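The values are calculated or read from the model by the stated rules, or taken from the named source; none is laboratory data. Note that this is a predicted model, so its numbers are computed, not measured. Glycine gets a Cβ as well: all are built from the backbone with ideal geometry, and neighbour counts include every protein chain shown. Remember, those area values only see protein heavy atoms, side chains included, never the ligands or the DNA or RNA. Shrake-Rupley method; radii C 1.70, N 1.55, O 1.52, S 1.80 Å.
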Amino acid sequence: MSEDALIAALMEIERHVGHGGWDQPARLFALVPTAELLAAEPALADQLARPQEQPSDALSSIEQDGFNAGTDVVDALAGIGWPSGVFGCAVAMERLFVPPEVEDDLPEDQAEAETFVAHHPQRQDVRVVVGVTREGAQYGVARLKTRPEELLAAPDLVPGLSEVLSHTLTA
């Protein structure tokens with residue numbers, strides 16, 4: 001499976017989640033090879049845009065409707081394990097952050113720090129979609145609320161989250 005297949009799947013997830021606007025809870029997705037999914041469920045071909053034009057290594061995402069991360073996505077992911085038929089997984093989530101020059105002003109107390117960031121005039125809202133595969137590939141895409149036309153992307157966009165996701169595939 002190519003890194004391009006993972007990137008394409010993450011971009012599709014970001015578009016899908018983005019249609020719902022901002023202020024959404026974290027969402028979890030299984031990633032499966034599209035060819036295997038269509039072989040197991042041929043009726044799903046009607047739901048794909050031009051399935052015959054899909055690359056042979058294309059990945060399809062399947063949202064996990066029962067996922068409820070609450071306030072701690074890392075803890076929620078720690079209790080998840082995937083069956084062997086799942087090739088990879090991805091999580092979409094929103095976070096607030098402040099510029100590096102403001103980080104020294106963050107209070108030590110977690111609750112106070114969250115309030116500080118949430119009300120800071122330089123706060124940025126970001127939606128990240130991070131995915132990993134059993135083969136060890138990892139990638140992330142992100143969109144800032146203030147720059148909706150730009151999609152940021154990198155293999156190590158959120159390395160800590162990629163690591164947590166990778167553990168779900170070995171559990």
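Structural remarks
- Within a Gaussian network of the chain (alpha carbon springs, distance under 10 Å), most fluctuating of ALA76, ALA111, ALA92: ALA111
- GNM on the chain, alpha-carbon springs under 10 angstrom: the most fluctuating residue among VAL74, VAL158, VAL98 is VAL98.
- Prolate is the label for region 61-118, because the ratio a/c of its alpha-carbon gyration tensor axes (a ≥ b ≥ c) is 1.5 or higher and a/b is greater than b/c.
- Taking θ as phi - 60° and the Karplus parameters 6.51, -1.76 and 1.60, the scalar couplings of region 28-42 work out to 10, 9, 8, 10, 10, x, 4, 4, 5, 4, 5, 5, 7, 9, x Hz in sequence order, x denoting glycine and proline.
- Computed lengthening from SER56 to GLU94, 0.36 nm per intervening residue step minus Cα-Cα distance: 10.5 nm
- Global geometry of region 108-147, whether rounded, prolate or oblate, following the gyration tensor of its Cα atoms and the 1.5 cut on a/c: oblate
- Distance in nm between pseudo-label sites at ASP4 and ARG123 (7 Å out along the Cβ direction from Cα): 4.1 nm
- For GLU114 and ALA39, the difference between the fully extended length at 0.36 nm per residue and the C-alpha to C-alpha distance is 22.4 nm.
- Cα extents for region 32-171 along the principal axes, largest to smallest and rounded to whole angstrom: 54, 35, 25.
- Listed residue (LEU59, ALA118, GLY79) projecting farthest to the positive dipole end of the chain, Cβ model: LEU59
- Top of GLU108, GLU149, GLU135 by mean-square fluctuation, Gaussian network on the chain, Cα under 10 Å: GLU108
- Multiplying the residue separation of HIS167 and LEU144 by 0.36 nm and removing their Cα-Cα distance gives an extension gain of 5.5 nm.
- With every protein chain in place, the chain: carbon and sulfur % of accessible area (1.4 Å): 51 percent
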